[in-house]
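First comes the structure, then the notes that go with it.
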Amino acid sequence: MERYDVVIVGGGPAGGSAAIFLAKAGLNVLVCDSGQSITKKAWIENHYGTGGPITGPELIEQGKKQAIMHGAQWKEAQITDIRRDAEHDALLVQTEAGETYETRQVILTTGLWTDLAEKIGLKVVPGREPRIKSIIEVDKDGRTGVPGIWAAGTVAGVSVHTIITSGDGARVAINLLSELKGERHVDHDLLGQDGKKVS
């Protein structure tokens, strides 16, 4: 069985952004992407740093490449179940194809879909955004009511705009990292006078 520090369910802007921060911090990260992100249907003109209009598929691909560059693994997979393995103090994440991944932390970034959350017993409440039927109830840091399971992005109640879901994925990743480290995680690289990253 493959083991990861964090499994992210969903590869849209929230999941990709979380993967970038977690992998860059040295964690062994797996993103399981079902290909259902609503961003795949988006034409985006209001996402900071893209240099102009960009399609949703292009934005997702950029995030995927950046996460992989930092060491994340990315698999096309539909997650059908998450259950606790009390004996090993782990979460077991199961795919539709029958693969199982062991992890200590999961971040759900499933966009419009709460069916997995409901199946595994997370509290789901009415959505606050237009056309968002339901969301996962989370605390201010992104934790669900089940230890080790977090949620970010639209499924956690933030606006569907890609810049906001991206930021929420990063925010939840930083909160998860801070909890693991026992102190606030900060990730700031510096630019040297030579125009290159300071080591």
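For segment 130-199, applying the loop criterion from DSSP together with a ceiling of 16 other beta carbons within 10 Å to the trypsin sites (Lys or Arg not before Pro) yields 131, 133, 140, 184, 196. For segment 2-198, the solvent-accessible area of protein heavy atoms averages 52 Å² per residue (probe radius 1.4 Å; ligands and nucleic acids excluded).
Taking other residues whose beta carbon is less than 9 angstrom from the beta carbon of residue 77, and scoring Lys, Arg as +1 and Asp, Glu as -1, yields -3.
Taking 186, 124, 106 in turn, the Gaussian network model of the chain (Cα-Cα springs below 10 Å) assigns the largest fluctuation to 186. Note on segment 82-162: Kirkwood hydrodynamic radius from all Cα pairs is 13.2 Å, rounded to one decimal.
In the chain, once you exclude exposed GluC sites (Glu not before Pro) (DSSP loop, at most 13 other Cβ within 10 angstrom), what's the longest stretch remaining? By the stated rule (loop sites, at most 13 other Cβ atoms within 10 Å), 97-182. Taking the DSSP beta bridges with both ends in the chain, the antiparallel portion is around 50 percent.
Each part reduced to its alpha carbon centroid, segment 74-101 and segment 145-197 end up 23 Å apart. Beta bridges assigned by DSSP with both partners in segment 89-199 are antiparallel in approximately 75 percent of cases. Neighbours of residue 99, meaning other residues whose beta-carbon lies under 12 angstrom from its beta-carbon, give a summed charge of -4 when Lys and Arg score +1 and Asp and Glu score -1. So which residue, out of 39, 80, 165, gets the largest mean-square fluctuation from a GNM of the chain using Cα contacts under 10 Å as springs? Between 39, 80, 165, it is 80 that shows the largest mean-square fluctuation.
Per the 1.4 Å probe, what fraction of the accessible area of segment 99-199, in percent, lies on carbon and sulfur atoms? Here it works out to 53 percent.
The values are calculated or read from the model by the stated rules, or taken from the named source; none is laboratory data. Quick caveat, the model's predicted, so the values are computed rather than measured. Note: ideal-geometry Cβ built from the backbone for every residue, glycine included; neighbour counts use all protein chains shown. Protein only, heavy atoms only, side chains kept; ligands, DNA and RNA dropped before computing areas. Shrake-Rupley method; radii C 1.70, N 1.55, O 1.52, S 1.80 Å.
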